[in-house]
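**Student:** This is the structure, below, for whatever I ask next.
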Amino acid sequence: MRIPFAIVAMLCISMIAACSANGSPANHAASFGQVDPSEFRQPLPEPALWQTAHAPSSSSVLSQVNSSIRTAQFQVIGTEGAPRVQGQIGAQVYHVDGALTTKEPALELQPWNDPIWSAGPEPDIDGRGDFVLVGSTIYVRGNTFTEWQTITGGDPYWGVFADINPALWQAGSNAHVLGEASVDGSRTWVLQLTNRFGLQFKAWIREGDGYPLRYTASWLNAKGLTYYVNALYRRFNSAVQIAPPDMLNRGIANPGAPVALPSGSVTVTDVAFDCSGTASRRPGPHDKFVLVTLAFADTGPGQVSISPDAWRLYGDGVNGAAPIDPGGPGLLRAETLSPGGRVSGAVVFEVPEDAYQLLVVGHLVGATAVMGAGLPMLPNGTLPCA
């Protein structure tokens, strides 16, 4: 999830901020070191609202929603915190896809893929997003390499994303039909709803079939500036399955720190590069070999299965590189350890010559091992194989 936790801790949620007559706040020039307020405008202005004398009750509209929708896919268009000069926090627009089911409320957001916070899209190491709701439990992680955190008691901030699922919408004394609006040429009822934390949001429900077309909520940072979450729904009642994440990732381990396995551990004990290769295989032009030495220990009670093919490398210019076999001694080979057994060997990857910041990921039985495999940085302009 690309919204930094340090920023999240400063936030509170509010009802949707008022807009100017043209649907967005007015622009204001910002002095050096200050954040431009125009960054915080609503990236998806709300459609014009008109009143009607024969609006249905909010409970009848929600009943139609509940009977119409089983699954949906959607896209979130929102604003999130972004670093600015002198430690200021501004805002930037992001897009992220998601899917949901309503029978047992479940929802999953794909990784943020935000270049502001990383050098490129988040690598897909397990086919999951960074936010998952199943039932009353929320699972979040900082990015695809970090461990999952579980939220079971509800959370006002993450609730803004959970509430994208119509299964959580409830009628009550604070639910109102505000009027009608047109969304993509369809007439919709505009609902204002309140979640269990007392936080308000809006939903646009297509009158003809009860499908939700849009969801909008907002929250404030500590300085009272507004961030938005808008969801646009599409592809209703297709096949969608959302299960809890496997929770096998223990987080990123530094070299020398063991990662626990069900019957032992694995440790990165050395990382080196090789520009020459072997007689049977040499690095390609502008490439080098990276040798990651892994030490396995079986402390029981079961066996530890070892396979070089279980490992992938990520980082500078590298996205899931598979190991290669250049031949030679000291390479890790497939085998099974019994209790008390130990083995060490190198897994070799071919990477760009200027790759230094690296992570190695092993999909092992009972664990996903994510470990640092970075190389010492050379002075700017200096290539290791020159």
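The values are calculated or read from the model by the stated rules, or taken from the named source; none is laboratory data. Given the structure is predicted, the values throughout are model-derived calculations rather than measurements. Using ideal geometry, Cβ is built from the backbone for each residue, glycine included, and neighbour counts are taken over all protein chains shown.
**Student:** One residue is enough: does the range 318-333 have a residue meeting the conditions at pLDDT below 95, surrounded by 19 or more Cβ atoms within 10 Å (Cβ to Cβ) and within 24 Å of the chain's Cα centre (by Cα)?
**Tutor:** Among the residues of the range 318-333, at least one is at pLDDT below 95, surrounded by 19 or more Cβ atoms within 10 Å (Cβ to Cβ) and within 24 Å of the chain's Cα centre (by Cα), which makes the answer yes.
**Student:** Where the second residue is in a strand (DSSP E or B) and among the β-branched types (Val, Ile, Thr) and the first is free of Cβ contacts under 8 Å to residues at least 60 places away in the same chain and crowded, with 21+ Cβ neighbours inside 10 Å and lies in the range 129-144, which pairs have Cβ atoms under 6 Å and are six or more apart or on separate chains?
**Tutor:** Every condition considered, the pairs that remain are Ile138/Ile151.
**Student:** Where residues in the range 164-201 are assigned to a strand (DSSP E or B) and of a type in the set (Phe, Trp, Tyr), which of them is farthest from Phe131 (Cα to Cα)?
**Tutor:** Among them, the one singled out is Trp189.
**Student:** Sort out for me the strands (runs of 3 or more DSSP E) sitting completely within the range 218-286 that have 1 or more residues that are closer than 24 Å to Asn195 by Cα.
**Tutor:** Output list reads 226-234.
**Student:** State whether one or more residues within the range 121-131 are small (Gly, Ala, Ser) and assigned to a strand (DSSP E or B).
**Tutor:** Checked the range 121-131: no residue is small (Gly, Ala, Ser) and assigned to a strand (DSSP E or B).
**Student:** Checking Trp204 against (1) assigned to a loop (DSSP other than H, G, I, E, B); (2) at negative phi: exactly one of these is not met. Which one?
**Tutor:** Failed condition: (1).
**Student:** Let me ask another. Kindly evaluate Gln64 against the criterion of being assigned by TED's automatic domain parsing to the domain that holds Gly208 and either surrounded by fewer than 16 Cβ atoms within 10 Å (Cβ to Cβ) or in contact with a Cys (Cβ under 9 Å, 6 or more places away or on another chain) (or both). Steps first, answer last, please.
**Tutor:** Numbers: assigned by TED's automatic domain parsing to the domain that holds Gly208: yes; either surrounded by fewer than 16 Cβ atoms within 10 Å (Cβ to Cβ) or in contact with a Cys (Cβ under 9 Å, 6 or more places away or on another chain) (or both): no.
Against the criterion (assigned by TED's automatic domain parsing to the domain that holds Gly208 and either surrounded by fewer than 16 Cβ atoms within 10 Å (Cβ to Cβ) or in contact with a Cys (Cβ under 9 Å, 6 or more places away or on another chain) (or both)), Gln64 does not qualify.
**Student:** Next question. Any residue at all in the range 81-104 that's part of a loop (DSSP other than H, G, I, E, B), in contact with a Ser or Thr (Cβ under 9 Å, 6 or more places away or on another chain), touching a residue at least 12 places away in the same chain (Cβ under 8 Å) and among the acidic types (Asp, Glu)?
**Tutor:** No, the range 81-104 contains no residue that is part of a loop (DSSP other than H, G, I, E, B), in contact with a Ser or Thr (Cβ under 9 Å, 6 or more places away or on another chain), touching a residue at least 12 places away in the same chain (Cβ under 8 Å) and among the acidic types (Asp, Glu).
**Student:** Taking the conditions exactly as written (modelled with pLDDT of 95 or more and in the same structural domain as Pro105 (by TED's automatic domain parsing)), does Pro244 satisfy them or not?
**Tutor:** Judged against the criteria, Pro244 is not a match.
**Student:** Could you tell me which of the residues Thr79, Thr52 is surrounded by 21 or more Cβ atoms within 10 Å (Cβ to Cβ) and modelled with pLDDT under 95?
**Tutor:** Thr79
**Student:** Next question, about the same structure. Inside the range 163-187, can you point out the residues that are crowded, with 23+ Cβ neighbours inside 10 Å and without any contact (Cβ under 8 Å) to a residue 60 or more places away in the chain?
**Tutor:** Asp163
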